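Structure, as structure tokens:
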Amino acid sequence: MVSVHFYDSPLGLIRLTCRNGALTELVFTDLRDEESSDDLDTEVVTDTVRWLDTYFSGSEPDFLPKMKLHGTEFQKRVWELISKVPYGSTCSYGDIAKKLAENNSRMSAQAVGNAVGRNPIAIIIPCHRVIRSDGSIGGYAFGEDLKKSLLELER
């Protein structure tokens, strides 16, 4: 069963989607388009809210809520590498492509960018930490201003 919950962050409203006791989606949204499912997936919701509270207080959370990622094997490998980018740090799309190429054939930064853009669990899988190789901010599914704000929060 799917449950939906909302979190009012300092940077905007966040929708959490859970299924079978695991977080499956965390996205910024402009509207509360449905009611929260207060009685479902309470443990993962509590853990996710605690993670977000810690993060938005300016600290690095030392735990992860239970997550279930849905995507291609390539996307999951990209998201796994993004998850290893330390709090307060950044890496480039090209850096991720090079790490992937160590185990496979050549990999393009553009393919990595497409996988980064499909990350279903924003912030926790920190796709905002991936920037362009020239040091510019690059795109973000929820807007470059929000990406800048997340990076500034981690400084």
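Every number here is computed from the coordinates shown, using simple stated rules; none is lab data. Here the structure is a predicted model, which means the values were calculated and not measured. Reconstructed Cβ throughout: ideal geometry from the backbone, glycine too, with neighbour counts over all protein chains shown.
Taking every Cα-Cα distance in the range 69-149 and sorting them into 5 Å bins from zero, the calculated P(r) comes out as 3, 17, 30, 28, 16, 5, 1, 0 percent. Around the Cα centre of the range 2-56, unit charges on the Cβ atoms of Lys, Arg, Asp and Glu (plus for the first two, minus for the last two) sum to a dipole of about 180 debye.
What does the charge dipole of the chain about its Cα centre add up to, to the nearest 20 debye, if the Cβ of each Lys and Arg holds +1 and the Cβ of each Asp and Glu holds -1? It works out to roughly 860 debye. When the pairs Lys66/Lys148; Lys76/Lys147; Lys84/Lys148; Lys68/Lys148; Lys76/Lys98 are compared against a 23 Å limit on Cα-Cα distance, Lys66/Lys148; Lys68/Lys148 fall above it. Per-residue extension of 0.36 nm, minus the Cα-Cα distance of Glu152 and Gln110, leaves a gain of 12.6 nm for this segment. In this label model, Lys98 and Glu144 are separated by 2.4 nm, measuring between points 7 Å along each Cα→Cβ vector. Here is the list for the range 52-155: GluC sites (Glu not before Pro) lying in DSSP coil, each with at most 14 other C-beta atoms within 10 angstrom of its C-beta, are Glu102. Using alpha carbons only, the radius of gyration of the chain set against its Kirkwood radius gives Rg/Rh = 0.97. Of the Cα atoms belonging to the range 2-56, the radius of gyration and Dmax stand at 10.3, 28 Å.
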